[in-house]
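Some notes on the structure that comes next.
The values are calculated or read from the model by the stated rules, or taken from the named source; none is laboratory data. What you see is a predicted model, and the numbers here were worked out from it, not measured in a lab. Positions of Cβ are generated from backbone atoms using ideal geometry, with glycine treated the same way; all protein chains shown enter the neighbour counts.
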Amino acid sequence: MNHGQHRSLHLLGKIGELSLFGSRFFVGVFHRPFEFREMIRQTFEVGVRSFGLVAVVSFVIGAVLTMQSRPTMIKFGAEAFVPAMVAVSVLRELSPVIISIIVAGRVASGIGAELGSMRVTEQIDAMEVAALNPFNYLVVTRIVACTLALPILTVYGDFIALGGSLVVQKVEADMSAFLFFNSVMSSINFADFLPGVLKTAIFGFIIGLVGCYEGYTSKGGTEGVGRSATDAAVLSSLLIIIADVLAVKGTVFFFEME
C-alpha cells in the first residue's frame with residue numbers, strides 16, 4: 001500500500017470515528033445534565049472573542065472584491081452594478097465560507113489543544129472517576145456554542161464586508177452611502193441571505209465536533225496535543241469546504257425543483 005492510499009484510508013477511518021462521536025453528541029445533548037452556564041461561557045469564547053478577527057477579515061473581503069471587480073465592470077459599462085455584485089457574492093458564498101474557515105483555524109485548534117491537554121493530564125479521567133459527565137460538560141457545550149455562534153458571526157461579517165465595499169466605492173467612485181445601500185437592497189432578497197447564514201450553523205457544528213473529537217481522543221503526551229490541535233484545524237477546514245459544495249448543490253437543486 002502506497003503512502004497516498006494509506007492517507008486516504010486514515011482519513012476515511014477518521015470520518016467514521018467522527019460520525020460515531022457525533023452520534024454520541026446527539027444522544028448527550030438531550031440528556032441531563034444540561035450545562036447551560038458552561039454553554040453560555042463557551043458561546044462567548046467562540047463568538048465575542050472572534051469579533052475582532054472576523055471584522056478584519058470581512059472588511060478585507062468586501063474591499064478587495066470591490067477593487068478586483070470594478071475594472072471589469074467599468075469595461076462593460078456596468079459600474080453601477082458593483083455594489084449589487086459584491087453583496088450577492090458576499091452574502092451567498094464568500095462571507096460564510098471564509099469566515100468559517102478563519103474561525104475554524106482559531107476555535108477548532110484551540111478546543112483540540114484544550115481538551116487534548118485535559119486528556120493527557122488525566123483531568124477527564126478524574127471527572128469520570130468522580131461520577132461527573134465530562135462529555136456533556138466539555139463536548140456538548142462546545143459543539144452547541146460553535147453551532148450557535150457561527151451564524152451570528154456570519155451576519156456580523158456580512159455587514160462589515162459591505163462596509164468595506166462602501167469605503168472603496170466612496171474613495172474610487174465617490175458613491176454615497178445612501179446610493180450604495182439602495183443598490184444593495186434592491187438587488188438582494190431573503191433567498192440570497194438565508195442559505196448563507198443557515199449553512200454556517202452546519203459549519204459551526206463541524207468546527208465544534210472536529211475540535212472536540214481531536215482533543216477528547218488525544219493521546220501521545222504533549223506531542224499528541226500539538227498534533228490534535230493541527231489536525232482539528234486542517235480537518236475542520238476540509239470538511240467545511242466539502243459541506244459547502246454539498247450545501248450549494250442542494251440549494252441549486254431545491255430552487256430548480258420550484
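Within segment 157-177, how many residues are in a loop (DSSP other than H, G, I, E, B) and either among the aromatic types (Phe, Trp, Tyr) or crowded, with 19+ Cβ neighbours inside 10 Å (or both)?
Residues flagged as in a loop (DSSP other than H, G, I, E, B) and either among the aromatic types (Phe, Trp, Tyr) or crowded, with 19+ Cβ neighbours inside 10 Å (or both) within segment 157-177 amount to 1.
Looking only at segment 95-125, count every residue that is surrounded by fewer than 19 Cβ atoms within 10 Å (Cβ to Cβ), part of a helix (DSSP H, G or I) and either small (Gly, Ala, Ser) or free of Cβ contacts under 8 Å to residues at least 24 places away in the same chain (or both) and tell me the total.
4
Of the residues that make up segment 78-94, is at least one among the charged types (D, E, K, R), crowded, with 18+ Cβ neighbours inside 10 Å, within 23 Å of the chain's Cα centre (by Cα) and modelled with pLDDT under 90?
Yes, some residue in segment 78-94 is among the charged types (D, E, K, R), crowded, with 18+ Cβ neighbours inside 10 Å, within 23 Å of the chain's Cα centre (by Cα) and modelled with pLDDT under 90.
Among the listed residues VAL140, VAL54, identify the single one that is modelled with pLDDT of 85 or more, of a type in the set (Val, Ile, Thr), assigned to a helix (DSSP H, G or I) and over 30 Å from PHE180 (Cα atoms).
Exactly one of VAL140, VAL54 is modelled with pLDDT of 85 or more, of a type in the set (Val, Ile, Thr), assigned to a helix (DSSP H, G or I) and over 30 Å from PHE180 (Cα atoms), namely VAL140.
Quickly run through segment 197-224 and pick out the residues that are surrounded by fewer than 24 Cβ atoms within 10 Å (Cβ to Cβ) and not basic (Lys, Arg).
Result: VAL197, LEU198, ALA201, ILE202, PHE205, TYR216, THR217, GLY220, GLY221, THR222, GLU223, GLY224.
Take the residues of segment 221-230 that are in contact with a Ser or Thr (Cβ under 9 Å, 6 or more places away or on another chain) and not polar (S, T, N, Q): which is modelled with the lowest pLDDT?
Restricting to residues being in contact with a Ser or Thr (Cβ under 9 Å, 6 or more places away or on another chain) and not polar (S, T, N, Q), the top hit is GLY224.
Condition test on PHE180, is it part of a helix (DSSP H, G or I), aromatic (Phe, Trp, Tyr) and surrounded by 19 or more Cβ atoms within 10 Å (Cβ to Cβ)?
Yes: the conditions hold for PHE180.
Right, THR154: buried (at least 20 other Cβ atoms within 10 Å of the Cβ), closer than 14 Å to ALA247 by Cβ and in contact (Cβ under 8 Å) with a residue 24 or more places away in the chain or not?
yes
If a residue has to be small (Gly, Ala, Ser), over 18 Å from GLY13 (Cα atoms) and surrounded by 20 or more Cβ atoms within 10 Å (Cβ to Cβ) to count, how many in segment 225-246 make the cut?
Total satisfying the criteria: 1.
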